[in-house]
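K.L.:
Quick one: structure below, then a few questions.
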Amino acid sequence: DPVVVTGIGMVTPLGPDTATTWHHVLRGVSAGEFLPYPPDLDAVVGSRKPTWIGAPARPGGTSADDPVINLACLAVEEALRDAGEPQRHHDRERIGCVFGTSKGSLYAATACQTGGSHEAWERMLAGPALASMAVAARYELYGPRISPVAACATGIAAVLQGAALVCRDDCEVAVVGSADDSLHPLVLASFQRLGVLA
């Protein structure tokens, strides 16, 4: 039997959900913008502030979660609704979770540089598995869990690995996706040193 996509969820620089994102895609809206420079780095760079450009996602609302967890769970919440909430109709041990992030929690890493809480250290040490751990825990998905890392292709790698799980009958349903919150001074500064444009 074919593997089918039954639900989609998005939190992107173009919108906090799939409908808004698609609306802006069809109209050719650009989300790129100059980013404000973090004031806490003034002492490090002095007057030679770099110009950083990015396309930040603005999910709306507030969350106490780490930004990566927040983005991941908001997208999964919409996808599960769109799919008719399969976790209510399937054995949760037969629902897999293939959710990746290319960098883990940069904000937890920053917090750990200055001591950090116990929770920040746990998030940093989880690395790229952070998003899949959070999604599987929040939605009680007890099937196989995979945390792919493939830089900009992490999302498509998750889709392919989720489809493979279903084809092999390792699970009946796979929640797949990726989330990153990479507009962080550590990444932006390293990209600038490399000469990366975006």
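K.L.:
With Rg/Rh (Cα atoms, Kirkwood Rh) in mind, check [x] 0.98; [y] 1.03; [z] 1.00 and report the label derived from this structure.
P.N.:
Answer by label: [z].
K.L.:
Given the chain, what percent of its DSSP beta bridges are antiparallel, to the nearest 5?
P.N.:
25
K.L.:
A further question on this structure: Just the Cα atoms of the range 99-198, one point each, no solvent: what log10 I(q)/I(0) does Debye give at q = 0.14 Å⁻¹?
P.N.:
-0.60
K.L.:
Follow-up. Run the helix sum for the chain: -39,500 (n - 2.57) per DSSP H stretch of 4+ residues, divided by residue count, reported at 222 nm to the nearest 500 deg cm²/dmol.
P.N.:
It comes out at -11500 deg cm²/dmol, rounded to the nearest 500.
K.L.:
Highest mean first, how do 7-18, 67-78 rank when packing is the count of other Cβ atoms within 10 Å averaged over residues?
P.N.:
In descending order of packing, they fall as 67-78, 7-18.
K.L.:
Quote to one decimal, in nm, the extra length available between H118 and A137 on full extension: 0.36 nm per residue of separation minus the C-alpha distance between them.
P.N.:
5.0 nm
K.L.:
In whole percent, and with a 1.4 Å probe on the protein chains, what portion of the accessible area of the chain is carbon and sulfur?
P.N.:
After summing per-atom areas, the C and S share lands at 57 percent.
K.L.:
Which sequence of F191, F34, F99 reflects their accessible areas, 1.4 Å probe, from the largest down?
P.N.:
Listed by decreasing accessible area, they come as F34, F191, F99.
K.L.:
Suppose accessible area is computed on protein heavy atoms with a 1.4 Å probe; arrange L165, L125, L26, L183 from highest to lowest. The partial results should precede the final answer.
P.N.:
Details: L165 5, L125 130, L26 110, L183 60 Å².
Ranking L165, L125, L26, L183 by accessible area, largest first, yields L125, L26, L183, L165.
K.L.:
Per-residue accessible area for E85 at 1.4 Å probe radius, Å² rounded to 10?
P.N.:
Accessible area of E85: about 50 Å².
K.L.:
Are there trypsin sites (Lys or Arg not before Pro) in the range 117-198 that DSSP marks as loop and that have at most 13 other Cβ atoms within 10 Å, and which are they?
P.N.:
In loop regions of the range 117-198 (DSSP not H, G, I, E or B), the sparsely surrounded trypsin sites (Lys or Arg not before Pro) are R168.
The values are calculated or read from the model by the stated rules, or taken from the named source; none is laboratory data. Since this is a predicted model, take the numbers as computed values, not measurements. Neighbour counts run over all protein chains shown; Cβ positions are idealised from the backbone, glycine included. We work out accessible area using only protein heavy atoms, side chains counted, and drop any ligands, DNA or RNA first. Shrake-Rupley method; radii C 1.70, N 1.55, O 1.52, S 1.80 Å.
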